[in-house]
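Step one of this worksheet: look at the structure below.
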Amino acid sequence: MVEQNKNTGLTWYTMDLHLHTPASDDYLQPEIGYLDILRQAAQKGLDIIAFTDHNTVAGYRRMQEEIDQLKLLQQLNRLLPEEETRLSEYQKLLKRMLVLPGFEFTATFGFHILAIFPKDKPLRDIEHLLLALNIPSDQIDEGSVTVGASVDVLTAYKAIHEAGGMAIAAHANSNNGVAMRRFPFGGQTKIAYTQNPNLIAMEVTDLEKKGRHATASFFNGNKPEYPRRMHCIQGSDAHLLKKISTFQTKLGVGERTTDVRIPERSYAALKELFESDNFSRTRPHQLSSQPAYDFIRDAREEGANFMQDFHENITVRGGNLYDIIADICAFANSNGGTLYLGLSAQPGKAFEGIPRPNQSIGKLQSEISKRISPELACKFEVQETEGKKVIQVMIPKGDDQPYAVDDNKIYLRTETETGMAVRDEIVDMVLQGKKKQLGGTAAAHAEAKPIFSSKDVSDTLTEDEVVAEGQAPPRTGVEIVSVDKRGGENYFTVRDLRNGSMVKNVTLKSSRKLWHYAISQYSKLPVKIEKMDITWQGDLGLVTQKKRGNFNSYDLIQRTSDGYRHYYGVTNDGIHGSWEGLI
């Protein structure tokens with residue numbers, strides 16, 4: 001399916017990057033030919049496909065060998081009429097459809113990884129990579145799912161990336177997926193397997209699902225332990241031509257697909273999209289009979305959070321323009337994010353949009369260049385929702401933190417709000433920058449040796465928390481650690497539960513809303529906690545639950561051998577382990 005937008009020069013293409021052929025030994029219809037697969041892909045309206053047989057590139061090679069043989073017969077004037085028809089059909093299909101070589105690799109512990117390559121990649125090079133990944137030479141054409149001891153997941157990601165391919169976690173949330181539930185490995189391992197910089201995207205089986213339990217929502221960058229937002233796609237994992245009653249659970253070619261919005265139908269354009277911070281150009285395949293896909297509508301339903309926010313206008317009057325600049329600075333100093341300009345976060349609220357979006361983008365670019373230092377490269381796109389134009393601003397996580405507005409105002413993002421950084425936070429950013437310069441990068445951490453444990457992966461515990469058996473603090477909100485009285489005023493030490501950093505000398509007058517709220521609530525605590533109305537489950541307690549915009553906020557308490565720990569403004573993204581049972 002091709003759906004072009006003349007205003008942007010971008011086109012929606014439909015793809016299925018997970019197709020098996022008779023070269024896989026578990027293919028359910030071995031009598032099927034490669035031309036049959038291309039015909040079915042074309043019938044399904046696919047524009048981009050990949051042959052990803054198990055631990056082999058033999059399927060793609062056999063198709064190419066058949067085509068080369070037909071071309072040779074043509075040159076020798078020995079082509080039979082039916083062969084001429086077959087070659088002509090191959091050529092027509094390959095002209096209208098991009099067919100990429102690849103394989104589905106079986107790493108240690110049985111995890112599956114898709115490796116996709118450009119169509120001009122020499123197949124011998126791909127086979128050499130398979131050998132380097134410990135696929136036995138006598139099994140290089142077998143297409144077997146089980147190939148003995150290969151290499152670990154992280155080594156495979158790196159090898160595929162260095163070979164010029166795209167490493168995609170196959171059916172990540174399902175069987176043999178790196179993010180599947182009910183597999184006995186620890187949270188640190190799951191973090192490494194899903195956040196590694198050499199992993200370009202994740203294939204999931206629930207891309208159309210909405211809500212916090214959807215895999216794409218889990219990996220949207222809001223969770224502190226999973227700060228890298230992942231591009232999520234879906235594929236059919238077809239082991240037969242089309243779905244039949246004999247194999248009810250098996251999908252055929254193009255029966256679970258993804259649309260991508262790219263400038264051209266090419267491997268390079270696809271790779272560039274997956275390497276970008278633009279998550280608005282991927283969607284579950286949309287039928288022409290369905291209502292127009294509107295990712296901005298979905299974003300409004302999520303509301304403002306750690307990774308996105310909304311502004312109804314960009315006027316200087318009322319401080320709206322400055323608020324946008326402050327948000328951009330805060331996202332750059334935090335985890336990156338997206339701003340939507342011209343509408344509010346409230347789904348049902350009417351909005352005006354931006355009347356002259358291109359002119360407004362020029363104005364914003366000029367303001368960012370003049371007011372934010374060091375230099376920060378943001379990306380802008382004009383989008384349309386409900387018949388009105390809005391501006392989408394994509395802010396990267398800055399690689400030269402801290403960023404400042406007007407040279408001396410440094411902002412940070414804390415859950416749903418932007419606030420000015422205080423001394424301890426600024427010091428921490430500077431120290432992290434120094435650490436990065438010395439080589440202590442997040443990429444190096446992500447490639448660290450995984451830590452295995454007996455904990456269920458659904459708990460997503462970090463290494464330190466595995467021992468605590470789910471009793472570790474929540475991962476969002478703030479904790480009031482201590483209070484000192486000096487000169488008649490209380491000075492609080494606050495812990496940011498998202499990153500564990502401690503901020504000292506916080507007062508009730510702090511401009512940070514969440515801190516102000518937490519201190520106010522903490523100050524109201526009775527001497528005897530037992531007098532409070534608390535819902536307890538073991539040593540974990542729910543104090544209050546509030547609806548804040550489009551999300552829930554919790555005040556929690558934890559009983560310890562030393563007394564009590566108090567957590568405020570915890571969001572669902574911070575709930576894990578035994579806290580889930582309480583909530």
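Quick look at the numbers
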{"read-out": "Any hit, the range 202-209, residues being of a type outside the set (D, E, K, R), within 25 Å of Ala472 (Cβ to Cβ) and in contact with a strand residue (DSSP E or B) (Cβ under 9 Å, 6 or more places away or on another chain)", "value": "no"}
{"read-out": "One residue from Phe306, Phe279 being within 15 Å of the chain's Cα centre (by Cα) and in the same structural domain as Gly165 (by TED's automatic domain parsing)", "value": "Phe279"}
{"read-out": "Met230, sole failed condition from (1) surrounded by fewer than 19 Cβ atoms within 10 Å (Cβ to Cβ); (2) under 23 Å from Gly165 (Cα atoms); (3) under 20 Å from the mean Cα position of the chain (by Cα); (4) not hydroxyl-bearing (Ser, Thr, Tyr)", "value": "(1)"}
{"read-out": "Residue that is surrounded by the fewest Cβ atoms within 10 Å (Cβ to Cβ) [pool: residues in the range 372-387 that are in a strand (DSSP E or B) and not hydrophobic (A, V, I, L, M, F, W, C)]", "value": "Lys379"}
{"read-out": "The range 334-372, residues that are over 28 Å from the mean Cα position of the chain (by Cα) and over 16 Å from Asn313 (Cα atoms)", "value": "Ser366, Ser369, Lys370, Arg371"}
{"read-out": "Filter pass, Ala518 being in a helix (DSSP H, G or I), at pLDDT 90 or above and either surrounded by 13 or more Cβ atoms within 10 Å (Cβ to Cβ) or not assigned by TED's automatic domain parsing to the domain that holds Lys397 (or both)", "value": "yes"}
{"read-out": "The range 149-171, residues that are over 13 Å from Ala107 (Cβ atoms) and in a loop (DSSP other than H, G, I, E, B)", "value": "Ala163, Gly164, Gly165, His171"}
{"read-out": "Filter result for Ala238 (modelled with pLDDT of 95 or more, surrounded by fewer than 20 Cβ atoms within 10 Å (Cβ to Cβ) and in contact with a strand residue (DSSP E or B) (Cβ under 7 Å, 6 or more places away or on another chain))", "value": "no"}
{"read-out": "Counted residues, the range 522-578 - those being out of contact with any strand residue (DSSP E or B) (no Cβ under 8 Å at 6 or more places or on another chain), among the basic types (Lys, Arg) and more than 23 Å from Thr414 (Cβ to Cβ)", "value": "2"}
{"read-out": "Yes/no for Ala269 being assigned by TED's automatic domain parsing to the domain that holds Leu100, free of Cβ contacts under 8 Å to residues at least 12 places away in the same chain and surrounded by 17 or more Cβ atoms within 10 Å (Cβ to Cβ)", "value": "yes"}
{"read-out": "Flag for Thr338 being assigned by TED's automatic domain parsing to the domain that holds Pro402, of a type in the set (Ser, Thr, Tyr) and surrounded by fewer than 19 Cβ atoms within 10 Å (Cβ to Cβ)", "value": "no"}
{"read-out": "Scan of the range 347-360 for residues that are in contact (Cβ under 8 Å) with a residue 40 or more places away in the chain, surrounded by 14 or more Cβ atoms within 10 Å (Cβ to Cβ) and not hydrophobic (A, V, I, L, M, F, W, C), ordered by number", "value": "Pro347, Ser360"}
{"read-out": "Segments classed as strands (runs of 3 or more DSSP E), wholly inside the range 34-141, with at least 2 members that are aromatic (Phe, Trp, Tyr), assigned by TED's automatic domain parsing to the domain that holds Asp16 and over 24 Å from Glu264 (Cβ atoms)", "value": "98-106"}
{"read-out": "Any chance Gly59 is surrounded by 13 or more Cβ atoms within 10 Å (Cβ to Cβ), closer than 21 Å to Lys121 by Cα and of a type in the set (Gly, Ala, Ser)", "value": "yes"}
{"read-out": "Evaluation of Gly541 against (1) closer than 24 Å to Ala304 by Cβ; (2) among the small types (Gly, Ala, Ser); (3) at pLDDT 95 or above (one fails), failing number", "value": "(1)"}
{"read-out": "Among residues of the range 104-123, those that are closer than 17 Å to Ile37 by Cβ and either of a type in the set (Val, Ile, Thr) or in contact with a helix residue (DSSP H, G or I) (Cβ under 7 Å, 6 or more places away or on another chain) (or both), counted", "value": "2"}
{"read-out": "Filtered residue count, the range 556-582, keeping only those that are in a strand (DSSP E or B) and either aromatic (Phe, Trp, Tyr) or outside the structural domain of Leu525 (by TED's automatic domain parsing) (or both)", "value": "3"}
{"read-out": "Number of the exception - Ser553 against (1) over 28 Å from the mean Cα position of the chain (by Cα); (2) hydroxyl-bearing (Ser, Thr, Tyr); (3) assigned to a strand (DSSP E or B)", "value": "(1)"}
{"read-out": "Wholly within the range 184-297, helices (runs of 4 or more DSSP H) carrying at least 2 residues that are acidic (Asp, Glu)", "value": "267-275"}
{"read-out": "Of all residues in the range 544-569 being of a type in the set (A, V, I, L, M, F, W, C) and at pLDDT 95 or above, the one that is farthest from Thr215 (Cα to Cα)", "value": "Ile557"}
{"read-out": "Residue check for Thr493: closer than 30 Å to His213 by Cα and of a type in the set (Val, Ile, Thr)", "value": "no"}
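Yes/no per residue for (1) within 26 Å of the chain's Cα centre (by Cα); (2) free of Cβ contacts under 8 Å to residues at least 24 places away in the same chain; (3) crowded, with 22+ Cβ neighbours inside 10 Å:
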residue: Val99; (1), (2), (3): yes, no, no
residue: Glu104; (1), (2), (3): yes, no, yes
residue: Gly110; (1), (2), (3): yes, no, no
residue: Asp120; (1), (2), (3): no, yes, no
residue: Arg124; (1), (2), (3): no, yes, no
residue: Leu131; (1), (2), (3): no, yes, no
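The values are calculated or read from the model by the stated rules, or taken from the named source; none is laboratory data. Here the structure is a predicted model, which is why all the values come from computation and not from measurement. Virtual Cβ from ideal backbone geometry, glycine too; neighbours counted across all protein chains shown.
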